[in-house]
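Each reported figure results from applying straightforward, stated rules to the coordinates on display, with no laboratory input. Keep in mind it's a predicted model, so treat the numbers as computed, not measured. Counting neighbours? That spans all protein chains shown, and the Cβs are built from the backbone with ideal geometry, glycine included.
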Amino acid sequence: MKRILIVMLVSSSMLFSSCDTLQKIASNVLTEQDAISGIKELLTIGSNGNALISKDALMSAILPKDVNTVLQRLQQLGLSKDIDKFTNTLTTAASQTATNSIPVFANGIKRMNITDAINIVKNGGTAATDYLRNTIGTDLRNTVTPIMKTALDQYNVTKEWDKLVAPAKIVLGDKVKLNLNLDNLLAGVVTNAMFNKIAEQEVAIRTKAEARTSPTLQKVFGRDWNNNGAVK
């Protein structure tokens, strides 16, 4: 009887030891499914919310190269408050466009069939964002452009600009004209800002433990897969 108990204890010990070993091996293996899930979660977090779009970036996009000359002249004419009102209106339109384009990102992420997901995880940096930019960048901009046009029309940006620069037209002439294809130009600014936001989030998740807020993110991005899955 004692021999049977000893054999059972030894067998149980070996079984639990084997399970522990298997668990350790499993935790040190990055599967393609894990990589895909981690990348999609990372990109979803990064694309959720408004992108920060600076007023300077917006104004540089819609004004000629000598934008500073134009703005300085308008300020000299006592139009600083009017400039602020216009740029705030423009920023609101751009932010609305960024918000409305979030579903476009979500659909793009869901459609992705990342055959080289493991390499994207291992490459580090902004590899996932770069992949998304290359995959849906053009489609996203084409989708965002009409959304931007609707927002610009809603806020009467072109009329507001014409009213703003009326006093300066005599001095500056054609320099105060808005660039053509305003909706297309600003769609580019918005999409770039959104991709930049995703890239910032990706770097944070890859480098900061507190940014990895789920078990999937912790497993996929909390280990160095170029170093046998060592914990970062």
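A compact table of results
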quantity	calculated
FRET efficiency, 1/(1 + (r/R0)^6) with R0 30 Å, evaluated for Thr150 and Asp84 via beta carbons	0.80
Gain upon complete extension [Gln33, Asn181; 0.36 nm per residue less C-alpha separation]	49.0 nm
Sum of side-chain charges, Asn184 neighbourhood, beta-carbon under 15 Å (Lys, Arg +1; Asp, Glu -1)	-1
Extension gain (nm, one decimal) between Thr135 and Glu160, 0.36 nm per residue minus Cα-Cα	5.4 nm
Calculated FRET efficiency for the pair Asn142/Lys55, C-beta based, R₀ 35 Å, to 0.05	0.85
Approximate spin-label separation Ile102-Thr69, in nm, with each point projected 7 Å along Cα-to-Cβ	4.2 nm
Cβ-derived FRET efficiency at R0 30 Å, Thr91 paired with Asn226, nearest 0.05	0.15
